[in-house]
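Student: Can you read through this structure? Questions will come right after.
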Amino acid sequence: MNKDLFEILQTWPKIYISGIDLKVLLEKSDDSRYSLIKRALKQGVLISLRRDLYVISSPFRRVNYENQLFHLDKSWLQEALKKKILRVDWKKAKQNVGNFLRLNERRFVENWTEELFLSQIPKIELV
């Protein structure tokens, strides 16, 4: 893959990028740009959502979290979720969500605990 495109994707602040963004950033001819995009699609670096709109695949994506850039991968996501789950006041969370549920549906949140959500983290798969 072209080094310019790789560098753009590594520093791009969003999880998606449009064909217009790439046109402005790459400053290449249309044929050359489409060739780079096609190669990136074939290598799995970009995922096409629709014409001229692409998602940057996770190994090449960085996310801004707590004012720091991170590569979005499974281990980072699991650690971030664990930190968030440990900070939740579960009694308050149950009340807040329960307020939006019918009485017969409130049993849904009765079992919410830190342990329940922590036990679900290893089951998460990135696609």
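Student: Sequence neighbours fewer than 8 away in the same chain don't count; with that in mind, list the aspartates and glutamates whose C-alpha is under 13 Å from K28.
Tutor: Of all the aspartates and glutamates, those that pass the test against K28 - Cα under 13 Å, at least 8 places apart if same chain - are D4.
Student: Rank these for me by crowding, L22, L49, going from fewest to most other beta carbons within 10 Å.
Tutor: By the 10 Å Cβ count, ascending, the order reads L49, L22.
Student: So which aspartates and glutamates pass the test for K83, namely a Cα distance under 14 Å, with those fewer than 8 places away in the same chain ruled out?
Tutor: List returned: E66, E114, E115.
Student: Rank these for me by crowding, T113, T11, going from fewest to most other beta carbons within 10 Å.
Tutor: If I rank by nearby Cβ atoms, fewest first, I get T11, T113.
Student: Would you mind getting me the FRET efficiency between E27 and D73? Use the beta-carbon distance for r and R0 = 30 Å, nearest 0.05.
Tutor: For R0 = 30 Å, the calculated efficiency reads 0.45.
Student: List the aspartates and glutamates whose alpha-carbon lies under 17 Å from that of K74, not counting same-chain residues fewer than 8 positions away?
Tutor: Excluding near neighbours in sequence, the set is E125.
Student: Among R106, R87, what is the fewest-to-most ranking by other Cβ atoms within 10 Å?
Tutor: Placing the least packed residue first, the sequence is R87, R106.
Where a number appears in this text, it was derived from the coordinates with a stated rule and is not lab data. On a predicted model such as this, the values are computed, not experimentally measured, just so you know. Using ideal geometry, Cβ is built from the backbone for each residue, glycine included, and neighbour counts are taken over all protein chains shown.
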